[in-house]
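The values are calculated or read from the model by the stated rules, or taken from the named source; none is laboratory data. Treat the numbers as computed from the prediction; the structure is a model and nothing was measured. Cβ coordinates were reconstructed from backbone atoms using ideal geometry, including for glycine residues, and neighbour counts include every protein chain displayed.
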Amino acid sequence: MVTLSDAGAYLLRGSEIVPDGGEALTALKAKTGRDITKEEATRNTIAYGILKSHNTSGNMEKLKIKFDKLTSHDITFVGIIQTARASGLTKFPVPYVLTNCHNSLCAVGGTINEDDHMFGLSCAKKYGGIYVPPHQAVIHQFAREMLAGGGRMILGSDSHTRYGALGTMAMGEGGPELVKQLLGQTYDINMPGVVGVYLTGEPVKGVGPQDVALAIIGAVFANGYVKNKVMEFVGPGVASLSADFRIGVDVMTTETTCLSSIWQTDDQIREFYQIHGREDEYVRLSPGEVAYYDGMITVDLSKVRPMIAMPFHPSNTYTIEELNANLMDILDETERRAQVSLDGAVEFHLKDKVKNGKFLVDQGIIAGCAGGGFENICAAADILKGKYIGSDGFTLSVYPASMPVYMELIKNGCAASILETGAVMKTAFCGPCFGAGDTPANNAFSIRHSTRNFPNREGSKLQSGQISSVALMDARSIAATAANQGVLTPATEFDGDIGRYKYHFDSNIYANRVFDSHGVADPEAEIVLGPNIKDWPEMGKLPENLVLRVVSEIHDPVTTTDELIPSGETSSYRSNPLGLAEFTLSRKDPAYVERAKDIQKAEKARMAGEHPCQAHPDVKPTMSIIKQQFPEVNHTNTGFGSTIFAVKPGDGSAREQAASCQKVLGGWANIAHEYATKRYRSNLINWGMLPFLIQEGELPFHNLDYLFIPGIKAAVENRAEEIKAYVVNPEGQQPKGLREFTLKLGELTDEERQIILKGCLINYNRV
C-alpha cells in the first residue's frame with residue numbers, strides 16, 4: 001500500500017523511479033543520452049522552482065521568502081493585526097483574507113466573538129483587506145476557491161494551510177510569521193528537503209481521500225520521514241484522482257509534520273480553476289526530465305482500503321477491516337496508549353462498545369477543510385440514500401465547507417438525501433475540528449472526517465473528569481457506518497452506486513456578502529475594539545544572565561499545542577493575552593500557571609526598578625549560591641522567569657499562543673530533546689523565548705529546580721554552539737552549589753537572534 005525508500009531517488013520523465021546509488025547516474029545517462037548531476041536534478045523538482053521564484057536572498061541554501069497572499073481566521077487575526085499595529089502597520093502590502101470560521105457561532109462569551117469579527121471587518125477596511133463573514137466558508141475552502149494560483153505561495157495562520165493540489169505551495173505558521181510579511185519582512189528557512197510521493201493505480205470504490213492520507217500518515221509520522229520537508233505528489237496515479245480527491249489528501253499532509261506540499265497539475269486542475277472563474281490562475285506544473293528527491297514514498301492507490309485513525313493521533317492507523325477482525329486486541333492497545341496521552345487523569349475505555357462482536361460508535365461528523373468538500377458529501381449522500389440513522393443515541397452532522405458547496409448540494413438533491421436519513425446539515429464551521437461543536441457525551445466515541453483526533457479535540461475536558469474520543473475516517477465509511485446505525489462499517493461494503501456529480505460554483509454568494517477592498521486602504525476608517533481585545537503586555541529584552549525555574553516537566557513522547565494551550569473553550573480569549581494565558585497547560589499540568597506567575601513576580605519587580613528578593617523569597621538564597629562562583633552576577637544584570645521541559649513539544653496546530661501564553665506568564669525558554677515542528681520553534685523565537693535543546697536521555701534537573709544560565713545574552717550574540725548552564729542546589733540539598741550541564745540553541749538566523757535579544761518580535765519592530 002505505502003512503501004518508503006531507504007535513500008533518495010531520481011524520477012525520470014515523471015514516470016520511472018531510479019533509486020539513488022552507485023549506478024544511478026550511469027543508468028540515467030543511458031536513458032537520457034547525457035550526463036546528469038544530482039545538483040541539476042535537485043533543481044528540477046516543482047518545489048525548487050516555486051521556492052526560487054519567491055526567494056529574495058539570492059542564495060538557494062538560505063531562503064528569504066515573500067508570499068503572494070496571506071490568510072487568517074477569527075482566533076488568529078486579532079493577535080496578528082494587534083502585533084503588526086504595535087510595529088507600525090499602515091497597509092496590508094499583499095492580499096490578506098480574514099475569515100470567520102472558528103468562533104463563528106457567537107454562542108457563548110457575551111459579545112466577545114462578534115467583537116472580534118467587527119474588529120476584522122474594520123481592519124479590512126482600514127488596511128485594505130478581504131473579510132469573509134461567519135458561515136460563508138471555512139478558511140481553507142475559501143482559499144481554494146478564491147486565492148490559490150499555480151506557482152503561487154500562500155502563508156496562513158492555521159496549520160492546515162495546504163493548497164498544493166492546486167499548484168500552490170502553502171504553509172501554516174504562527175501569527176508572528178504573518179506579521180513579518182505584513183511589515184515587508186521575509187520568511188527565513190534553510191532550503192528544505194523534498195520528498196517525492198509517487199502515486200500509482202487508482203482507488204477502489206468506497207475509498208476516499210482521507211483513507212489515502214491516513215495510510216501515508218501512518219507510514220511516515222513516527223519515523224520523521226518528511227519532517228520539515230516538502231511533499232511533492234507525482235506519478236501516473238495522480239491522473240486517476242479528481243481535484244476534490246487530491247485536495248482531501250493534500251490538506252492532511254500537515255499531520256505528517258512536513259513543511260508544505262505541492263502536486264503536479266493537469267487538465268483536471270485546469271477545470272477546477274475554470275469552474276471557479278479563474279482559469280488564468282492555472283499553471284501546468286511537473287518535475288523536470290530528471291528530478292532528484294531526498295526520499296520517495298510510493299503509494300499503490302488500488303491497494304488502499306478504508307482506514308481509521310484511532311485515538312489519540314492521526315498516525316495511529318489501521319484498516320477498518322483489520323480493526324473489525326482484531327477488535328479486542330486493538331481496542332486494548334488503544335486503551336493502553338491512551339493512558340500515556342491522558343496521564344491516567346480519567347478512566348478511558350473502548351472495549352465496552354463491542355456488542356455481539358460489532359463495534360458501535362456514537363457519533364459521525366463530516367466537516368471542515370478535510371471532510372466538507374463537495375465530492376465527499378455527494379458520496380456520503382449516495383451511500384445514505386434510502387437509509388436512516390435510527391432514533392437511538394447515534395447522530396450524524398454534515399458541515400459543507402462553504403456556502404457555494406452547500407448551495408450546489410441543495411440544487412443536486414444530495415442535501416435532501418442526507419436530511420431524509422435523520423442526519424443534520426450545518427453551515428461552514430471549523431468547530432468539530434478543535435472542540436467547539438458537536439461535543440459528544442462522556443465516554444462517547446466519534447468518527448470524523450476532520451483533521452485531528454488529539455485528546456479533547458472533540459470538546460471534552462479532562463480537568464472536569466470528562467472524556468470522549470475521536471477516530472478519523474473518510475466521509476464514505478462514516479456514511480456506511482451511519483447507514484448501519486452506528487456499527488463500524490467500511491464503505492467498501494456498500495454495493496450501490498457512488499455517482500459523479502458536476503459542480504457549479506455560484507460566485508454571487510461571495511459577491512453579495514464578502515467585503516473586498518481590492519487592496520485599497522482607508523486610513524480614516526476607525527478600528528472597532530471590543531472590551532475583550534487587549535494589547536500585548538510589555539516584554540523586556542534578554543538580560544545578560546538568566547535564572548529560570550522549571551515549572552512543568554512533561555515526559556510524553558510528543559506534546560501537542562492543544563496541551564500547551566487548549567483549543568475549544570479557550571477560543572473566545574484568543575484576543576486577550578492575559579485572559580488566555582490563564583488556561584496555559586490547564587489540561588496537562590494545572591499547577592503550571594500559578595508556578596509561572598509566582599516566579600514572574602521577581603522579574604516584574606526587577607523591571608520596575610525594585611529588588612526582586614523583596615518580591616520572591618527564593619531569590620536571595622538562589623542568588624547567594626550563584627554569587628559564590630559568579631560574584632559579578634546581581635539583580636541588575638540577571639533576569640528571572642520560568643521554563644518548561646518537554647521531550648518533543650509543538651505537534652499540531654500552528655497557534656502562536658502555545659508560545660505567547662508562556663511568555664505572557666514570564667517564560668523565557670523551553671527545553672526539549674527536539675521540537676515537533678518548525679512552526680512551534682519559530683513561535684518560541686518570535687516571542688523572545690529561547691528554544692533550548694538538551695541531549696536525548698539527559699535530564700540533570702527536575703520540576704521546581706532553579707537553573708542559572710550565565711552570559712546568555714553574549715552566547716546568543718556570539719553564536720555559541722554550546723551554552724553552559726547550572727542547576728542551583730539550595731540549602732539542604734547535597735552537594736550544595738551549582739551542577740553544570742550543557743544546552744544548545746540550534747541554528748538561528750541573524751534576525752532570529754535579534755528578536756530574542758530584543759525580547760520579542762514586537763520589540764524588534766517597534767517604531
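Laid out as a table, the results:
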read-out: Residue match in segment 550-562 (condition: outside any loop (DSSP other than H, G, I, E, B), charged (D, E, K, R) and in contact (Cβ under 8 Å) with a residue 60 or more places away in the chain); value: yes
read-out: Candidate set from segment 317-364 (those that are among the charged types (D, E, K, R) and in a loop (DSSP other than H, G, I, E, B)); member that is modelled with the lowest pLDDT; value: 343
read-out: Every residue from segment 612-628 that is touching a helix residue (DSSP H, G or I) at 6+ places or on another chain (Cβ under 7 Å) and either within 15 Å of residue 739 (Cα to Cα) or outside any helix (DSSP H, G or I) (or both); value: 615, 616
read-out: Those strands (runs of 3 or more DSSP E) lying entirely in segment 657-740 with at least 3 residues without any contact (Cβ under 8 Å) to a residue 60 or more places away in the chain and out of contact with any helix residue (DSSP H, G or I) (no Cβ under 7 Å at 6 or more places or on another chain); value: 723-729
read-out: Search result, residues across segment 25-71 that are of a type in the set (Gly, Ala, Ser), closer than 26 Å to residue 159 by Cβ and loosely packed, with under 14 Cβ neighbours inside 10 Å; value: 53, 57
read-out: Tally, over segment 456-482, of residues that are assigned to a helix (DSSP H, G or I) and surrounded by fewer than 24 Cβ atoms within 10 Å (Cβ to Cβ); value: 3
read-out: Hits in segment 285-316 (condition: under 28 Å from the mean Cα position of the chain (by Cα), assigned to a loop (DSSP other than H, G, I, E, B) and farther than 15 Å from residue 235 by Cβ); value: 294, 305, 306, 310, 311, 312, 313, 314, 315, 316
read-out: Qualifying residue in segment 238-245 (condition: outside any loop (DSSP other than H, G, I, E, B), surrounded by fewer than 22 Cβ atoms within 10 Å (Cβ to Cβ), among the polar types (S, T, N, Q) and touching a residue at least 24 places away in the same chain (Cβ under 8 Å)); value: yes
read-out: Among the candidates 632, 656, residue that is under 17 Å from residue 713 (Cβ atoms) and of a type in the set (D, E, K, R); value: 632
read-out: Cβ-Cβ under 6 Å pairs, at least 6 apart or on other chains, segment 615-630 side within 11 Å of residue 598 (Cβ to Cβ) and modelled with pLDDT under 95, far side of a type outside the set (Gly, Ala, Ser) and part of a helix (DSSP H, G or I); value: 615/601; 616/601
read-out: Matching option when the condition is surrounded by fewer than 18 Cβ atoms within 10 Å (Cβ to Cβ), of a type in the set (Val, Ile, Thr) and either closer than 22 Å to residue 374 by Cα or touching a Lys or Arg at 6+ places or on another chain (Cβ under 8 Å) (or both), among 528, 551, 487; value: 487
read-out: Total residues in segment 394-449, condition surrounded by fewer than 24 Cβ atoms within 10 Å (Cβ to Cβ), modelled with pLDDT under 95 and in contact with a Pro (Cβ under 7 Å, 6 or more places away or on another chain); value: 1
read-out: Matching option when the condition is surrounded by 17 or more Cβ atoms within 10 Å (Cβ to Cβ) and over 23 Å from residue 345 (Cβ atoms), among 631, 612, 566; value: 612
read-out: Number of the exception - residue 93 against (1) under 28 Å from residue 531 (Cβ atoms); (2) part of a loop (DSSP other than H, G, I, E, B); value: (1)
read-out: Among the candidates 593, 558, residue that is assigned by TED's automatic domain parsing to the domain that holds residue 635, under 30 Å from residue 621 (Cα atoms) and within 28 Å of the chain's Cα centre (by Cα); value: 593
read-out: Residues of segment 398-455 that turn out to be of a type outside the set (Gly, Ala, Ser) and outside any loop (DSSP other than H, G, I, E, B), as a count; value: 22
